[in-house]
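Let me begin by presenting the structure, written as structure tokens, before commenting on it.
The values are calculated or read from the model by the stated rules, or taken from the named source; none is laboratory data. Note that the structure is a prediction, hence the values are computed from the model and not measured. Reconstructed Cβ throughout: ideal geometry from the backbone, glycine too, with neighbour counts over all protein chains shown. Calculation scope for accessible area: heavy atoms of the full protein, side chains included, ligands and nucleic acids excluded. Shrake-Rupley method; radii C 1.70, N 1.55, O 1.52, S 1.80 Å.
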Amino acid sequence: MNKFTSLLLGMTLCVSALSANGTAPSKLQQDGEIKQQEVDLNKFQNREVLKMAQAELSKNLPKKIDDYTMLVDVQTKGLTLIYVYEINTGVKSDDTVRREDHGRMRSAIVKGSCQSSRRFLDSGISLSYLYNSAASKAKLFQFDVSKKDCPDFY
């Protein structure tokens, strides 16, 4: 939010507070209300960004990612963008995939997200990657990534 908008919000708060009870709010009260309005505005803007990203990413689904992975859905929940994948595990059981591939995949997902989605993460938007078995539809993995997961990339 720019300084002019902040000033305008502050003036509006003062006028509305004066008209409500006839006394001027303290500077601390004004600052707190303005900061809360900025947080609310940022959350609203982030939700709008998420809606647009979801709509754009969903246009071409399902989408083949590699020989084993298909992106099948993109969802939002709160301030989180959720990518839903299906993995063709071949002859491996779901339990074997969970046991053998979890660490390697988590590391790759976090690193890739921190490098390629910095704008989302910096603005308070989190990412979630949900992997299901293409055969059984059972959940295999879910990796949630937020800015705090990327200290080495900032």
Report task. Please work out the Cα center distance from the range 80-100 to the range 112-145, rounded to the nearest Å. Result -> 13
**Report entry** Where labels lie 7 Å past Cα in the beta-carbon direction, separation of residue 72 and residue 139 in nm
**Finding:** 1.5
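Counting only protein heavy atoms, what percent of the accessible surface of the range 44-129 is carbon or sulfur at a 1.4 Å probe?
Details: 2720 of 5420 Å².
Ligands and nucleic acids excluded, carbon and sulfur give 50 percent.
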Requested in this report: Keeping all protein chains in place, calculate the accessible area per residue for the range 98-154 (probe 1.4 angstrom), answer in Å².
Outcome: 59
Report summary line: Once residue 152 and residue 60 are pulled to full extension, the length gained, defined as 0.36 nm per residue separation minus their Cα-Cα distance, is 29.8 nm
